[in-house]
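The values are calculated or read from the model by the stated rules, or taken from the named source; none is laboratory data. Quick caveat, the model's predicted, so the values are computed rather than measured. Counting neighbours? That spans all protein chains shown, and the Cβs are built from the backbone with ideal geometry, glycine included.
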Amino acid sequence: MINIHGIVKAPLNEIDQIIQNAIHLNVMPGVVVSIATKGITLKEQAYGYAYRYLDDQFTEAENPIYMRKDTIFDIASITKIFTSIAVMQLFEEGTLSIEDAVVTYIPEFAENNKEKITIRQLLTHTSGFESGIPLYKMGKTREERIAIVLKHGLVNLPGTNYKYSDLNMITLGVLVERLTGQRLDEYIKQNITEPLGMKDTMFNPPASLKYRIAATESQPWTGRNLVWGQVHDENAWSMDGVAGHAGLFSTAHDLTILGQIFLNRGKYGQTQILKPSTIALMEQNMIQAIPDTEHGLGFELNQGWYMDALSNVNTMGHTGFTGTSLVISPKNNTIVILLTNRVHPTRQTTSINQTRRLVARKAADAIPVAIPGHQKAWFAGFGDNKKSILQAKVNIQKPSILTFQTWYQIQKNKDFGKVESSQDGILWRELDTFTGISNRWQKQSTSLPIGTKFIRFQYSTDDSVNGRGWYVLQPKVKTGNKEILPQFTSNDWIQRDW
C-alpha cells in the first residue's frame, strides 16, 4: 500500500477522476497537476485542452491543442511570490528593511496620507489600499499608470485591516525597480529564475512558445479578443506585461522548483537564493493582531479554502485568478501545484475552489498517518456536510471506562469528533469532543454511564474545508478487571493501516 517514498498511491490516482469530472462539468478546459514529496515528484499529469475555444460563446476551435505536462500557464497572482522574493533579497543585502516606510525609497508615495506605510504592510496586504482599480482604463503608458498607483488613496488606516490588493504588489514591483535600476522582469530573471534553472518562467513569452501556452479569456473590452500568449490580467497587460502583482508565465515543473526553495530553506541544488532565516521570516504569520486571516511576507498561510487537508499554521500558498494554485506544506514536506486555464474562454464559469480543495485533500491523504504497531485503525473518512458514525452495542451495568487511542486533524471549531452514549439508540449523551489538531497519537478514556446500551464515535463536517480527519484505534470497554472489545460497525468509517 505504501510505496518506497512513504506515500500511498491510491489517493493520488483518485485525483484523475476529480479532474475529469471538473472538465466534464466545464469548470475548466484543461489542467496540469504536480505533487511532490521529499523532493520527489510523485504525480505529474496533464488533462484536457490548453486551447479549445475561439471566443466567449464557447465556439469550438477546429484544431484544439491538448494540455501537456510542460504547458506554460499565465500564473496570475502567483507572480506576487516572485515579487516578494525579490524584495526579501534586497532585505538580505541590507538595501532595505521591511519596517522602512515606503516613502524612504519612493518619495511620491507619500501623497494621500501614505507616508507611514511600511514595506511589511505592503507584503502583508495591511497597507489600507483597496483591492484594485481599473488601471488599464487610466493613463496611457506604463510610467503614467505607475504614477497613478503611487498617488492612489487608502480605504483603511494602515495596519488596521487585511485587504488583499494588487496595488500593494504593484508598488513593491516599483520599489524593486527603483532600488536596483532594473525593470522587474530583468531583476527576477537575473536573480531568481535563471539561477534556479526555471527555463519556462518569464514575463512576455515570445511568440515562438505560443503553441505551448494555455489560452485564457476572450476580452473584447480590452480590444484583444482571445488572450493567448499575453498576460490575462488587464492591469498587468497595460503595464507592458510586467508588474509586481501579475504577468509571469510558468510550468508545473518550474513551480515545483519554487516550492522546493521554501522546503529547502532557500536552496535548490547548489543555488541559494534566500537565507534560511529569511525563509523562516516569510512563513511567519505577520498579522496575528488581525482576526480571521493569516499572512506571511508575500505568502498566504493556513488557508483551508484551497489548502484543505494540508492546512496548517505554516502551510504556505497562493492562488491565481486564471485558475492556478500553489500549496507548500513544510510539515509534510509536500508541494501541490494545480494549474488550469479556467478563464478560457470566459471567467463566467463555475468556481474552481472545490477542485483546488479536493486535489489538496487527496494529496494530504496520500501521506500516511503512522499508526502505532502498524495496526489497522478506524478512519472517519472525508467529505463536506458529512456525518459519519461508528457504533457498537454494549451492556454497561457497572462503572466502566471506554479507552481508545486517537489521532486527529479536524477543522477547529467547525468540524467535530464526538464520543457519545445512549440507553435506547435514540437519545444520545455527549461524553467527549475533539476538534483542532492532536499532533500525535493520544490515549483517551471516558466514563460510561450505567445503563449504556450503545456507544458511538460521530464525525461531522461543515460544507467546505476538511482536515486530515479522525482516527480511532482499539476502542475497548473496561469494567473492573474485565476488558471487552465491542463489535463496531459503520457504513462510513473504514479500517485501514495508513
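Of all the residues that make up the stretch 469-493, how many are under 13 Å from Leu390 (Cα atoms) and either assigned to a loop (DSSP other than H, G, I, E, B) or not assigned by TED's automatic domain parsing to the domain that holds Gly381 (or both)? So the count comes out to 7. Tell me the residue from Arg178, Arg183 that is in contact with a helix residue (DSSP H, G or I) (Cβ under 7 Å, 6 or more places away or on another chain), among the basic types (Lys, Arg) and touching a residue at least 40 places away in the same chain (Cβ under 8 Å), please. Within the list Arg178, Arg183, the selection yields Arg183.
Matching residues to (1) part of a loop (DSSP other than H, G, I, E, B); (2) of a type in the set (A, V, I, L, M); (3) not assigned by TED's automatic domain parsing to the domain that holds Ala215:
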| site | (1), (2), (3) |
| --- | --- |
| Ala22 | no, yes, no |
| Val27 | yes, yes, no |
| Gln45 | no, no, no |
| Phe58 | yes, no, no |
| Asp70 | yes, no, no |
| Val87 | no, yes, no |
| Val103 | no, yes, no |
| Glu108 | no, no, no |
| Glu115 | yes, no, no |
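Can you tell me which residue is modelled with the lowest pLDDT among those in the stretch 50-69 that are surrounded by 15 or more Cβ atoms within 10 Å (Cβ to Cβ) and under 29 Å from the mean Cα position of the chain (by Cα)? Top of the filtered list is Asp56. Against the condition under 21 Å from Asn285 (Cβ atoms) and surrounded by fewer than 17 Cβ atoms within 10 Å (Cβ to Cβ), how does Asn168 come out, does it pass? No: the conditions fail for Asn168. Does the stretch 291-301 include one or more residues that are farther than 29 Å from Asn204 by Cβ and over 14 Å from the mean Cα position of the chain (by Cα)? The answer is yes; a qualifying residue exists.
Let me confirm something: among Ser238, Ser218, which residue is crowded, with 21+ Cβ neighbours inside 10 Å, more than 21 Å from Ile170 (Cβ to Cβ) and in the same structural domain as Leu123 (by TED's automatic domain parsing)? So that I can check it myself, show each step before the final result.
Details: Ser238 fails: more than 21 Å from Ile170 (Cβ to Cβ).
That would be Ser218, the only listed residue that is crowded, with 21+ Cβ neighbours inside 10 Å, more than 21 Å from Ile170 (Cβ to Cβ) and in the same structural domain as Leu123 (by TED's automatic domain parsing).
Which residue out of Leu209, Leu179, Leu154, Leu172 is modelled with pLDDT of 95 or more, assigned to a helix (DSSP H, G or I) and touching a Phe, Trp or Tyr at 6+ places or on another chain (Cβ under 8 Å)? Reasoning before the result, please.
On the way: Leu209 fails: touching a Phe, Trp or Tyr at 6+ places or on another chain (Cβ under 8 Å); Leu154 fails: assigned to a helix (DSSP H, G or I); Leu172 fails: touching a Phe, Trp or Tyr at 6+ places or on another chain (Cβ under 8 Å).
Of the residues listed, the single one that is modelled with pLDDT of 95 or more, assigned to a helix (DSSP H, G or I) and touching a Phe, Trp or Tyr at 6+ places or on another chain (Cβ under 8 Å) is Leu179.
The criterion of being modelled with pLDDT of 95 or more, crowded, with 24+ Cβ neighbours inside 10 Å and in the same structural domain as Met138 (by TED's automatic domain parsing) holds for Ala246. Residue pairs whose Cβ atoms lie under 7 Å apart, sitting 6 or more positions apart in sequence or on different chains, and linking a residue in the stretch 338-356 that is in a helix (DSSP H, G or I) to a partner that is of a type outside the set (Val, Ile, Thr), are Asn353/Trp305; Asn353/Tyr306; Thr355/Ala22; Arg356/Tyr306; Arg356/Ser325; Arg356/Leu338. Are any residues in the stretch 313-337 in contact (Cβ under 8 Å) with a residue 24 or more places away in the chain, farther than 20 Å from Ala76 by Cβ and either assigned to a loop (DSSP other than H, G, I, E, B) or not assigned by TED's automatic domain parsing to the domain that holds Asp166 (or both), and if so, which ones? Of everything in the stretch 313-337, those that are in contact (Cβ under 8 Å) with a residue 24 or more places away in the chain, farther than 20 Å from Ala76 by Cβ and either assigned to a loop (DSSP other than H, G, I, E, B) or not assigned by TED's automatic domain parsing to the domain that holds Asp166 (or both) turn out to be Val313, Asn314, Pro330, Asn332, Asn333.
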